[in-house]
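Reviewing the structure listed below.
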Amino acid sequence: MTHSEYRDSLKKDRQAAQRRLFDVYLNYVYTVVYSRLRSCGSREDIDECVSDVFAEVFSSYDDTAAVSGDMKGFIGTVAARRAALFYRRLSRVNSEVRLDDELSEAVKADDDVSSEAEKNEQRRALLEAVESLGEPDSVIIMQKYFYRRRSSEIAKAVHLSPAMVRVRSSRALKKLRKLLEEKDISL
């Protein structure tokens with residue numbers, strides 16, 4: 001959708017124009033936001049950020065500007081900036097929670113501390129192994145097993161068919177098992 005198309009449809013029916021813009025760019029915005037927030041945000045955080053992006057696009061769009069071309073650049077900039085703001089906010093909250101967790105762990109017995117350290121090491125190794133799978137396999141694994149999303153939902157985010165998502169998921173799990181076996185990690 002171009003600026004002029006959006007501007008023309010905005011003059012006719014504001015709500016229909018916004019719905020069309022939302023439908024056209026939802027997957028793009030979700031991908032931008034997800035790539036920034038996947039390490040620190042929940043699915044609800046990502047959905048909230050996507051909603052905020054579109055709210056900002058709708059409220060800040062200047063329909064009198066003489067701009068031509070695709071809306072993708074404008075929307076991508078808004079999405080990247082909004083995701084960065086969310087990331088900073090979520091990282092700050094998560095670091096405060098981690099400090100509280102660390103203080104409570106310091107009070108635990110030595111056996112509990114060592115088992116917690118081992119679990120944390122396993123989690124870190126698992127995350128590194130998943131990230132080493134590369135795109136889109138790491139995204140598929142994280143979405144499927146961490147966020148518990150269905151193949152059809154993941155397919156929209158990674159621009160594949162649901163069947164291809166299931167195939168890639170199966171292959172990625174096999175690779176992940178081999179990587180974990182090489183590191184001598186059993187879950």
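The values are calculated or read from the model by the stated rules, or taken from the named source; none is laboratory data. The structure presented is a predicted model; accordingly, all values stated were derived computationally and were not measured. No Cβ is skipped: glycine too gets one built from the backbone with ideal geometry, and neighbour counts run over all protein chains shown.
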ask   = Identify, please: which residue in the stretch 1-37 is surrounded by fewer than 16 Cβ atoms within 10 Å (Cβ to Cβ) and not in a helix (DSSP H, G or I) and is, among those, modelled with the highest pLDDT?
value = Asp13
ask   = Which number in (1) farther than 30 Å from His159 by Cβ; (2) at pLDDT 80 or above marks the one condition that Glu135 misses?
value = (1)
ask   = Do we have any residue at all in the stretch 57-64 that's part of a helix (DSSP H, G or I) and within 28 Å of Met142 (Cβ to Cβ)?
value = yes
task = Determine which single condition Leu176 fails, assuming it passes every other condition in (1) modelled with pLDDT of 80 or more; (2) under 27 Å from Val24 (Cα atoms).
result = (2)
query = Tell me, which residue of the stretch 173-187 that is under 12 Å from Leu126 (Cβ atoms) and part of a helix (DSSP H, G or I) is nearest to the chain's Cα centre (by Cα)?
reply = Leu176
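Could you check how many residues of the stretch 148-172 are within 17 Å of the chain's Cα centre (by Cα) and assigned to a loop (DSSP other than H, G, I, E, B)? Break it down stepwise before answering.
Initially, the stretch 148-172 is screened for residues within 17 Å of the chain's Cα centre (by Cα), giving 148-160, 165.
Applying the additional criterion that residues be assigned to a loop (DSSP other than H, G, I, E, B) yields 148-150, 159-160.
Result for the stretch 148-172: 5.
What about Tyr28, is it in contact with a Lys or Arg (Cβ under 9 Å, 6 or more places away or on another chain), in the same structural domain as Lys72 (by TED's automatic domain parsing), touching a residue at least 40 places away in the same chain (Cβ under 8 Å) and farther than 27 Å from Tyr145 by Cα?
Taking the combined requirement at face value, the residue does not satisfy it.
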